[in-house]
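Beneath this line is the structure, given in structure tokens, with notes to follow.
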Amino acid sequence: MNMQALMKQAQKLQKDMLDAKEKIDNEEFTGESSLVKITMKGTKEVTKVEINKENSIEKEDIEMLEDMILLAINEANKKVDKETEEKLGKFGNSVPGLF
């Protein structure tokens, strides 16, 4: 295989990886608990926090609400990680430090 063909193949791989990462970054993921729903981008930037307004929250329940927010954020993060692994795992460690 000549060097030019190898470079072209490497550039295509890099473009495919960047396209897949961009798609993930722009996708929205949600994490939910019984009181809270979190929406975040694939960049793990939280874009929305929704609290279930059907349940009235007393001051004593604030600590529980904080835990529910934490659970929802962590669930959404896991979804981003899973999607990233599914879409970018096939590239292996072709370009270390890219993500």
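The values are calculated or read from the model by the stated rules, or taken from the named source; none is laboratory data. Since the model is a prediction, treat every value here as computed from it, not as a measurement. Backbone-built Cβ (ideal geometry, glycine too); neighbour counts: all protein chains shown.
Residues considered: K8, K79, K21, K48. Of these, the only one that is exposed (fewer than 12 other Cβ atoms within 10 Å of the Cβ), part of a helix (DSSP H, G or I) and of a type in the set (D, E, K, R) is K8.
When T43, T39 are checked against the criterion of being under 17 Å from E83 (Cα atoms) and surrounded by 16 or more Cβ atoms within 10 Å (Cβ to Cβ), T39 stands alone in meeting it.
May I ask you to verify whether D16 is touching a residue at least 60 places away in the same chain (Cβ under 8 Å) and not in a strand (DSSP E or B)? Yes; evaluated as a whole, the condition is true for this residue. Report yes if I38 is among the β-branched types (V, I, T) and over 21 Å from L70 (Cα atoms), otherwise no. In short, no.
Quick one: would you say G97 is of a type in the set (G, A, S) and modelled with pLDDT of 85 or more? In short, no. Taking the criterion of being in contact with a Gly (Cβ under 6 Å, 6 or more places away or on another chain) and modelled with pLDDT of 85 or more, would at least one residue in segment 77-92 satisfy it? Checked against the condition, which is being in contact with a Gly (Cβ under 6 Å, 6 or more places away or on another chain) and modelled with pLDDT of 85 or more, segment 77-92 yields at least one hit. Taking segment 24-45 as the range and being polar (S, T, N, Q), in a loop (DSSP other than H, G, I, E, B) and within 30 Å of D61 (Cβ to Cβ) as the test, the residues that pass are S33, S34.
Every residue in segment 58-76 that is of a type in the set (V, I, T) and exposed (fewer than 14 other Cβ atoms within 10 Å of the Cβ), please. Result: I62, single match.
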